[in-house]
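Reading through the structure tokens given below for one structure.
The values are calculated or read from the model by the stated rules, or taken from the named source; none is laboratory data. Every value quoted in this text rests on a predicted model; they were computed, and no experiment measured them. We place every Cβ from the backbone using ideal geometry, glycine too, and count neighbours over all the protein chains shown. Accessible surface areas use protein heavy atoms only, side chains included; no ligands, DNA or RNA. Shrake-Rupley method; radii C 1.70, N 1.55, O 1.52, S 1.80 Å.
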Amino acid sequence: MGAVYVIGIAKETKMKNAKLHPDTLAIHAGHRPADHQGAVKPPIHATSTFVFPTAEEGAAHMEAAYGVEGAVAPDSGYIYSRLGNPTRTAAEERLAALDGADVSAFFSSGMAAISTALLAWSGPDRAVWYAPPLYGGTTHFLNEVLPVKGTPVEVLDVAPGGADLVSALEAKRLATGTLPGIIFLETPANPTMQVVRISTAADWARMHSTPEHRILVFVDNTYLGPLMQRPLEVGADLVLYSATKYIGGHSDLIAGAASGAADIMEAVVGFRHFLGGMADPWTSWLLARSMETLPIRFERQQATAKSILDFLRAHPAVGTVRSAHAEDLSPDAALAMAEQSSGAGSMLAFEVDGGREAAFKVLNAFNVFSLAVSLGSTESLAEHPASMTHAGVPADQKIQYGITEGLIRLSIGLEHPGDLIADLDAALAVLRSTSSPYFSSSKGHEETGILV
Ligand SMILES: Cc1ncc(COP(=O)(O)O)c(C=O)c1O
């Protein structure tokens, strides 16, 4: 397949870059100036197709791409930009270096990455078992699309008040009399910040895998991103992203990504060839450019989030505060975060008394925070999960997951922390001036975190 040389290049880069720090890899991995007339930045290869040096080489490429028996792909070269494009390869090598993966692949959206990977590895005898809550689009694809195509999908009982992950996996094994092909996790979860311990799922998967039936662990790592959390290092088989978020980081593109070992990624990239959901050259270039500042963006966004959390925890109008910072996690969830993450990121959520009416008053009073869904960008965003990102979640599940009417989600950007805190202070003051009962005197602090 055309994936062969993508895999070859990424492997070679990983070996060369093994000793460099992530901040350095974010800037240099994937680009060799000598290959581009010394250009310090990678060019954008805005081309749909590539000229073959000879008919023989063209035939070898195409026959190998279609899996013709005995065909051997030439070591280098490109055929057609759906299969491979040098700008995309540069971005993919950079992400592979950051994720510690053999291979990364960029897609046209996070949902393209997630659906392609699931289609590649699920099937009637490869069920998907998932730990809720997941991103709404993923939940919809799992519950409404995959079963129609014959893949059994099961929900693990790990919502707050449910079982720990191993008990939930064992209960499902006993109830169904089967094993999954994929365990799908998203950690920290959106918007409740519940944490799943990735190594627990990976250990269980390994224990129950056989050579004929390998159980794979997929992790949606959108909420923390490639540097703060490296799921492959703690046993995950495939990492998935909405690259629209931290990897892109500027709210100016839609993209997705998958990273993993060569044998896992070969099927994913093979499916991408035929489903056609790859990132285009311009988006790929933007992604490679954005990854250069990922470490510094993340550091600053996380530090600002910490200051905002301190402010919110002390504010009389704010009830429960949710984040992946240790202060807001149960001891088990905090231990899991310490094992699998090097930071807690810059996503948070908080409750105001007074339900939707109070939450909307606060949201409508923001001046610096932008009222929008999405996350991980330079500008700070605020939204109301119950009626916006999670509007499609059934009411009983909203209650179970803690997606209350008074919950506001924030994505912290790169503005000055003082301006963000002043904006929050002014917005929360609206509750005092218009509806004093919302200024709660019984301030609560509740730990979150699925038991792991
Ligand atoms: C955790 C998570 N995964 C996946 C997606 C889907 O990504 P995209 O919108 O890029 O398709 C999102 C989008 O918000 C998300 O938050």
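Side notes on the structure shown:
- Looking across the stretch 169-183 at every residue that is without any contact (Cβ under 8 Å) to a residue 60 or more places away in the chain and in contact with a strand residue (DSSP E or B) (Cβ under 6 Å, 6 or more places away or on another chain), the one that is surrounded by the fewest Cβ atoms within 10 Å (Cβ to Cβ) is identified as Lys172.
- Top-ranked residue of the stretch 392-413 - restricted to ones that are under 26 Å from Gln301 (Cβ atoms) and among the small types (Gly, Ala, Ser), ranked as nearest to the ligand (Cβ to nearest atom): Ser411
- For the stretch 213-225, the criterion of being part of a loop (DSSP other than H, G, I, E, B), of a type outside the set (Asp, Glu), open to solvent by 20 Å² or more (accessible area, probe 1.4 Å) and farther than 23 Å from Pro147 by Cα is satisfied by no residue at all.
- Check on Val166, over 20 Å from Gly235 (Cα atoms), open to solvent by 10 Å² or more (accessible area, probe 1.4 Å) and either charged (D, E, K, R) or not in a loop (DSSP other than H, G, I, E, B) (or both): no
- Scanning the stretch 124-138 for residues that are closer than 20 Å to Arg197 by Cα and of a type outside the set (A, V, I, L, M, F, W, C) yields Tyr130, Pro132, Pro133, Tyr135, Thr138.
- Scanning the stretch 189-222 for residues that are within 11 Å of the ligand (Cβ to nearest atom) and modelled with pLDDT of 95 or more yields Val219, Asp220, Asn221, Thr222.
- The set of residues from the stretch 252-279 being away from the ligand (no atom under 14 Å from the Cβ) and closer than 23 Å to Leu375 by Cβ comprises just one member, Ser259.
- Selection of the stretch 86-114 for residues being β-branched (Val, Ile, Thr) and within 16 Å of the ligand (Cβ to nearest atom) yields only Ile114.
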